[in-house]
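Colleague: Here you go, one structure.
The values are calculated or read from the model by the stated rules, or taken from the named source; none is laboratory data. In this text the structure is predicted, and so the values were computed from the model without any measurement. With ideal geometry, Cβ positions are generated from the backbone for all residues, glycine too; neighbour counts draw on all protein chains shown. Heavy atoms of the whole protein, side chains included, go into the accessibility calculation; ligands, DNA and RNA do not. Shrake-Rupley method; radii C 1.70, N 1.55, O 1.52, S 1.80 Å.
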Amino acid sequence: MKTIAYATGNVLKFESAVKAFRHTSIELVQVKLDPPEIQSESVEAVAKYAAKWACEQLGKPVMVTDAGLHIEALNGFPGPFVKFVNGWFTEYNYVNLMKGQTNRKAQLMDCLAFCRPGEVPVVFTGYYEGYITEQPCGGGRTPMDRIFVPEGFDKPIAMIPEDEMTAYWSRGAILSQFVTYIRAQKDMADCKVVYKS
């Protein structure tokens, strides 16, 4: 049976991908790898490099996701460096940078890179509109989870029930694009969906 390995330690991301693939014939397996993250102004470049690296390590088709947070009032900061900046910044640092700002619009850029052995990674990109809350909340995996309110919600990601966020991410542009791409691959037509972690 053909499989696609999803290189992520994030269970919510994996469950969202499984949900997106529920009507396809794909076996999706979670692999907890930590691909090196190159410093680039392009989220796509970061994801492509990580997917190629993970594919070489595993010797099988791999998907990797990466994200960037673009805050309008901060000229797009932190952009593709959100994971890097989170090494220093807490959610309070982000909120303090926004003091006095009336424009709190932000955009979460999501990128999925898929790579097969011996091939160049294919990249799918999507965007989630939202805003930065005035008061961060607790919980969540990252400072971004505690300050970013997705469009259609009235609270940060960290306060939204997990099943709602799983459904939200699973409807996202990158997973929809990727599912369409995979369905067109003839060698993937006889696979089954299997939930593994």
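Colleague: In 5 Å bins starting at 0, how do the alpha-carbon pair distances of the chain split up by percent?
Modeller: 1, 8, 15, 20, 20, 15, 10, 6, 3, 1, 0, 0
Colleague: Might you report the magnitude of the Cβ-based charge dipole of region 75-146 about its Cα centre, with Lys and Arg at +1 and Asp and Glu at -1, to the nearest 20 debye? Intermediate results must be reported in sequence, preceding the final value.
Modeller: Values: 7 positive and 6 negative charges, 24 e Å.
Result for region 75-146 is approximately 120 debye, rounded to the nearest 20.
Colleague: On a 0 to 90 degree scale, rounded to 10, what angle separates helix 173-183 from the longest Cα axis of the chain?
Modeller: The answer is roughly 0 degrees.
Colleague: Which length gain, in nm to one decimal place, applies between ASP154 and GLN39 when the Cα-Cα distance is subtracted from 0.36 nm times their residue separation? Please list the in-between numbers first.
Modeller: On the way: separation 115, 0.36 × 115 = 41.40 nm, distance 3.26 nm.
Taking ASP154 through GLN39 to full extension adds about 38.1 nm, to one decimal.
Colleague: Quick one: if you stick a label point 7 Å off each Cα along the C-beta vector at TRP88 and GLU162, how many nm between them?
Modeller: 3.3 nm
Colleague: While we're on this one: So how much slack lies between TYR181 and LEU58, counting 0.36 nm per residue of separation and subtracting their Cα-Cα distance, in nm? Spell out each step's value before the answer.
Modeller: Details: separation 123, 0.36 × 123 = 44.28 nm, distance 2.17 nm.
Full extension of this stretch gives 42.1 nm more.
Colleague: Among VAL31, VAL11, VAL82, whose mean-square fluctuation peaks in a Gaussian network model of the chain (Cα, cutoff 10 Å)?
Modeller: The residue with the greatest mean-square fluctuation here is VAL11.
Colleague: Give me the accessible area per residue for the chain, probe 1.4 Å, as a whole number in Å².
Modeller: Values: 9870 Å² over 197 residues.
Result: 50 Å² of accessible area for each residue.
Colleague: A follow-up question, please. Give me the dipole magnitude in Debye, nearest 20, for region 72-197 about the Cα centre, with unit charges on the beta carbon: positive for Lys and Arg, negative for Asp and Glu.
Modeller: Details: 13 positive and 14 negative charges, 49 e Å.
With only Lys, Arg, Asp and Glu charged at Cβ, the dipole is about 240 debye.
Colleague: Can I ask one more? Just to verify a number: what accessible area does ILE26 come out at with the full protein assembly present, 1.4 Å probe, Å² rounded to tens?
Modeller: Probe radius 1.4 Å; accessible area of ILE26 about 10 Å².
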